[in-house]
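Data first, discussion second: the structure below is written as structure tokens.
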Amino acid sequence: MALDDRKSDFTFVGTRPNRPDGLDKVTGRAKFGADISAPGMLHGAVLRSPHAHARIVKIDTSKAEAHKDVKAVVTRADFAEVPFKPGLEGEFWNVLENVMAGEKALYDGHAVAAIAASSALAARDALKLIEVEYDVLSHVTDVDKAMAPDAPVIREGAADYSVPEGMHPNVVRYHESGHGDVEAGFSEADLVTEDSFVTEATHQGYIEPHACLGMLGNDGKGELWCTTQGHWIAQKTCAALLGIETSQLRVTASEIGGGFGGKTTVFIEPVALALSRKANRPVKIVMTRSEVFRATGPTSSASMDIKIGMKKDGTITAAQGVFRLQGGAFPGAPGDMTAMCAFAPYNLTNVKQIGYDVMSNRPKQAAYRAPGAPMGAFAVESVIDELCNKLGLDPVDVRLKNAAHEGTKASYGPTYERIGLVETLEAAKAHPHYTAPLKPGQGRGISCGFWFNHGGETSVSLALSEDGSAQLMVGTPDIGGSRASMALMAAEVLGIPYENIRVTVADTASLGYNDVSHGSRVTYASGLATIKAAKHAVERLCERAATKWGIPTDAVKWEDGCAVPSGPNAGDFDPMPLADITADMGSTGGPISGHFEATPEGAGVSFGTHIVDAEVDPETGKTCVTRYTVIQDAGKAIHPTYVEGQYQGGAAQGIGWALNEEYVYGEDGRLQNSIFLDYRIPVASDLPMIDTVIVEVPNPGHPFGVRGVGETGIVPPLAAIANAVSNAAGVRMKQLPMSPPRILAALKGNG
Amino acid sequence: MNYHSPASFAEASALAANATGITRFLAGGTDVLVQLRSELVTPDTLIDIKKINGVHDITRNADGSWTLGVATTGAEMSEHPELGKDWPGVVEAMDLIGSTQVQGRATLTGNLCNGSPAADSVPAMVAAGVTVTVTGPDGMREVAVEDIPTGPGKTSLTKGEVVSAVNIPARGDNAGDAYLRFIPRTEMDIAVVGVGVDLRLDGDTITEARVALGAVAPTVLLVEDCAKAILGSTLDDAALDALAAAASAACNPIDDKRGTIEFRTEVAGVLAKRAAKIAYARAKGENA
Ligand SMILES: Cc1cc2nc3c(=O)[nH]c(=O)nc-3n(C[C@H](O)[C@H](O)[C@H](O)COP(=O)(O)OP(=O)(O)OC[C@H]3O[C@@H](n4cnc5c(N)ncnc54)[C@H](O)[C@@H]3O)c2cc1C
């Protein structure tokens, strides 16, 4: 994208006004997924497999159908035929198979049938009337076991071309990248450390369960209301799964109670629509928490081997990693992402990374902030910490010595443009936290983290009203205060107050296609689109002023919300405020709007450095995180409070992932902890105050310099906390979560 | 589902005695309603005991002992000006349960009769020597708390029996109690190990001791060997080590999602020491 219009001094951008949706949210007026109903509405419920792996021999729905409160029952037969293809191409098939099981139930919680009834209770009760005959098959839920020769095959033919000959059919994608000669690099090292690490799957833990209301007529026209990070992908997917035209389904995104990547696909939405089509009534489905845990998309679990060579002065001579990720019973585990991100912070001469995407009998993994990157960082940054300890080197200095910078050939291939890693490390070194004394029993950990960030298809429309206010329509659901950031950027260009701009997340019928709110793309891409759309409107405004003044359009420029003559030669006219132009726009050429539709491609990668202090109770293995500082490059913080919120949120979720959150499967392959009581996300009192430092190294790919900040913040925590805990406990922790029993066992094992 | 709100325990007992299918008493409902909504237990008969006169009363009797109504909530216990001075361990154990919202409903009796081996107030009550009054078709009987649970989710109460009061002994002089639990987080969790300790001193020497362990066996354990380990001692290091060893030896835990056998066994000893130190300090009149 041409960026001749780069800006560095701002009026609105960088301020911290209240978010426009704040009042609605604190007063309960905001409508979330479950907050809607329609006349004649039915309630849906989903029957789920109690088995980790089973052939579905027969489903008898006759008793349920005969029940007086039941208005429709659906099984896989009620969905469209979608062709099966291996790899990502077949993603619609994968989603369909996940939404409603076909020949086999592939994991505990896999949907096998659904009911619409006159009440939620009746629907739930009527599920018990559906009789399913299963032929239970052997199962596997562990990534290493799923790759072993004797592992049960989840699905033949799911592997794509990338997988080397001779691998187990559960290995469905393979990634290898890097440069240089790692063997030569290791031989140059003074110390080579090699170790293996594992992480368990975690769930995004968004507070709002999935919920939707679907209406679909036999004419193939439908409406869907749902909690989602992207309603266009919901539209496209539901249409494909139901065999209707995409444009005939209008999807509206509700307010969203958290997503973190987990709401970038569909689960119950096509089911509600299928039930509605059969019952000819609107159908609402709301998941229970247990359904969310069992049957939506947690992260992958991972098993990783790392080898790094270092010279006595801290120079990394070679680095190598093998990353095996289990992503449930479908292709998609981000082994490639893990591999590509793992060494990305470093300027390496010799680097090699291998990633595996492995299927097992677990729910289909979904994105969770920087999908794949946190696990890899945990493994790599643990080994770097170990090398620093053994060589007696300062962990920040070592990272500075090896840090990637502008012009570095990244471990995953491209050459970096201007990046801010060094700045985050320097800020870490200068931060009082880094030199604060530690108490006995405490340890300090450092980690860097990287995430690509993403642009993606984006449409924005801005319309001016005759009173000089503006309405901005974006298509990216607001998952982190983005409406505030959009309004600030529009205000900056238009020169009208933040409060005069109303930002709406438009439905699929009101705007062109928009990719999901993911990849930390919203403030970058919808922001860029907003700026361009506002500039487009400003051009129209200047044209109208030029006409009124009777001077050429290029003799008018826009300043502080007014059209002004571009120079003394253009004529002597008083500034003409925006509202004066819009007041009679109907008679001067019609409504004034601005638009943007494109796929911005300059997202700008992002880096962060975290400092963590942890205290370990040596008698119980219990960890307390006593101090936490997040330092991250935001490029340009449009609304600093919400940038800080993203940083703190990443740290908080990272603390949960590192210490206590995990999917626990029994021998029977069933999920043991599908409620928040036993799936232990941190409670408020588990967290320290999380300090933040916003570094701003402008992204050359955005008019105001924005880099996405939503994901990088969860990349360093696992490693930084593991390093702090390992340094406090005096023993290297190689398995997440570092729950008290694991720490105590490690302490005992260490004598 | 049939819902009843009897006006007396005799009526409650009769309703339960004549009910068919699954019967539950409804005290705070923080177990019953959660189990109902998650479809673990769907009762056929629900008998709400909160409408019976006096069930929220906290009464100090003439001899210094306490009688608590069976619907007395955790919040009511914590807010009572005197109860926590006599029995800080029992009150703190109850206060650990759930959140502020749960505290406004949850009861000692519900915690006990739900039959969870991890119930927090139960080891504290056992250490304190608490008994409950049980009203049944054949009249009333008094039962020690440790004799109520018989296994996970099971109690010794027979059909038609309802707990009608909680009796806490008189505190007496030179004595103190304490309860500690281990959870991986700081709150809103289920005990992986729980330890209740009650001590009486003569000077610096322990003359009476009761130590109870939770979450390390199918039911709460009153461990004689723990008491023996510290009786006659001044809670010196040797006594503490003996206490920890006795506590660990008494454990008969399971491996589950909340903790391993090794972990529970080890931590039971650690918490026994820590709880004993607090109880000892309290018995000496120190703030702990
Ligand atoms: C969010 C949350 C957090 C929790 N945290 C904890 C915790 O940290 N520690 C802990 O131990 N528990 C915890 N619990 C469980 C629960 O709150 C406690 O067990 C509580 O003490 C139960 O008391 P209740 O009055 O609500 O019992 P109810 O749910 O009313 O009853 C529980 C059981 O006791 C029986 N019962 C009740 N009254 C009588 C009676 N008078 N006679 C005979 N039987 C009777 C009922 O039939 C039922 O089986 C938690 C629960 C929730 C929802």
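For residue A:18 and residue A:624, what is the calculated FRET efficiency with R₀ set at 35 Å and r taken between the beta-carbons, to the nearest 0.05?
0.55
Give the Cα extents of the range B:7-101 along the principal axes, in whole Å, largest first.
Principal-axis extents of the Cα atoms in the range B:7-101, largest first: 43, 30, 17 Å.
Before rounding to the nearest 500, sum -39500 (n - 2.57) across all DSSP H runs of length at least 4 in chain B and divide by the residue total; then give [θ] at 222 nm in deg cm²/dmol.
Result for chain B: -9500 deg cm²/dmol, rounded to the nearest 500.
Comparing the chain by itself with all protein chains present, which residues of the range B:251-275 are at least 10 Å² less accessible (probe 1.4 Å)?
B:257, B:258, B:260, B:263, B:266, B:267, B:270, B:273, B:274
What accessible area per residue comes out for the range A:454-574, rounded to a whole number of Å², with a 1.4 Å probe?
Result: 35 Å² of accessible area for each residue.
Which value, in Å², gives the accessible area per residue of the range A:104-169 when a 1.4 Å probe is used on the protein heavy atoms?
46 Å²
If each Cα of chain A is one equal point scatterer, what is log10 of I(q)/I(0) from the Debye formula at q = 0.07, 0.09 Å⁻¹?
For the requested q values the scattering log ratios are -0.52, -0.85.
Report the Cys residues of the protein assembly as shown lacking a disulfide-compatible partner, meaning no second Cys Cβ under 4.7 Å from their Cβ.
Cys with no partner Cβ under 4.7 Å: A:238, A:341, A:388, A:448, A:542, A:562, A:624, B:113, B:226, B:251.
What is the Cα coordinate range of the range A:10-119 on the first, second and third principal axes, sorted by size from largest, in whole angstrom?
65, 43, 25 Å, listed from the longest principal axis down.
Applying 1/(1 + (r/R0)^6) with R0 = 56 Å to the Cβ-Cβ distance of residue A:391 and residue A:81, what FRET efficiency is obtained, to the nearest 0.05?
FRET efficiency, residue A:391 to residue A:81: 0.40.
Give the average, rounded to an integer, of partner chain Cβ atoms located within 10 angstrom of each Cβ in A:614-621.
That average works out to 3.
Name the residues of the range A:177-220 whose amide N is less than 14 Å from a point 7 angstrom out from the Cα of residue A:245 along the C-beta direction?
Only A:219-220 fall inside the zone, counting backbone N under 14 Å.
May I ask you to derive the relative contact order of chain A, considering only C-alpha pairs under 8 Å and at least 6 residues apart, and to give it as an integer percent?
Value for chain A: 16 percent.
Figure the gain on full extension for residue B:144 and residue B:158 (residue separation times 0.36 nm, minus the Cα-Cα span) and round it to one decimal in nm.
Answer, rounded to one decimal: 3.5 nm.
In the range A:638-685, which residues become less accessible by 30 Å² or more once every protein chain is in place, relative to the chain on its own, using a 1.4 Å probe?
At a threshold of 30 Å² (probe 1.4 Å), the residues of the range A:638-685 that become less exposed are A:660, A:672, A:677, A:678, A:680, A:683, A:685.
Quick one: Karplus J couplings for the range A:344-350, per residue in order, coefficients 6.51, -1.76, 1.60, θ = phi - 60°, nearest Hz, x for Gly and Pro?
4, x, 10, 8, 10, 7, 10
Quick check on packing: order B:234-247, A:501-514 by the mean number of other C-beta atoms within 10 Å, highest mean leading.
Ranking the peptides B:234-247, A:501-514 by packing returns A:501-514, B:234-247.
Taking each residue in B:218-226, count the Cβ atoms of any other chain within 10 Å of its Cβ, then average. What number comes out?
0
Largest first, please: the extent of the C-alpha atoms of the range A:70-190 along each principal axis, to the nearest Å.
That works out to 72, 27, 27 Å along the principal axes.
Which residues of the range A:703-751 end up with at least 30 Å² less accessible area in the presence of all protein chains than when their chain stands alone, using a 1.4 Å probe?
Those are A:740, A:741, A:744, A:748, which lose 30 Å² or more relative to the chain on its own.
Rank-order A:289-302, A:326-339, B:20-33, B:42-55 by packing density, defined as the average count of other C-beta atoms within 10 Å over each peptide's residues, highest first.
A:326-339, A:289-302, B:20-33, B:42-55
Could you compute the FRET efficiency for residue A:58 and residue B:237, with r as their C-beta to C-beta distance and R0 at 56 Å, rounded to 0.05?
Working from the Cβ atoms, E equals 0.25.
Give me the accessible area buried between chains A and B, both sides summed, with a 1.4 Å probe, in Å² rounded to the nearest 100.
About 2100 Å² of accessible surface is lost on pairing.
Distance check, please: which entries in A:284/A:364; B:228/B:284; A:439/A:748; B:154/B:257; A:748/B:273; A:31/A:104 exceed 28 angstrom between their Cα atoms?
A:31/A:104
Tell me, what % of the accessible area of the range B:175-283 is carbon and sulfur with a 1.4 angstrom probe?
Carbon plus sulfur share of accessible area: 51 percent.
Which listed residue (B:221, B:232, B:184) has the Cα farthest towards the positive end of the charge dipole for the range B:175-283, taking +1 on Lys and Arg C-beta and -1 on Asp and Glu C-beta about the Cα centre?
B:184
Quick check: net charge around residue A:129, other residues with Cβ under 10 Å of its Cβ, Lys/Arg +1 and Asp/Glu -1?
Value of the local net charge: -2.
Helix-only mean residue ellipticity at 222 nm, chain A, DSSP H runs n ≥ 4 weighted -39,500 (n - 2.57), per residue, nearest 500. What is it?
Helices in chain A give a 222 nm mean residue ellipticity of -8000 deg cm²/dmol.
Accessible area per residue for the range B:175-283 in Å², computed with a 1.4 Å probe and the full protein assembly in place, what is it?
Result: 35 Å² per residue.
With N set to the residue count of the range B:205-285, report its C-alpha Rg divided by 2.2 N^0.38 Å to two decimal places.
In units of the globular-protein estimate, the range B:205-285 measures up at 1.08.
The values are calculated or read from the model by the stated rules, or taken from the named source; none is laboratory data. Remember, predicted model here, so these are calculated numbers, not experimental data. Cβ coordinates were reconstructed from backbone atoms using ideal geometry, including for glycine residues, and neighbour counts include every protein chain displayed. Quick note on the areas: whole protein, heavy atoms, side chains included, nothing else; ligands and nucleic acids left out. Shrake-Rupley method; radii C 1.70, N 1.55, O 1.52, S 1.80 Å.
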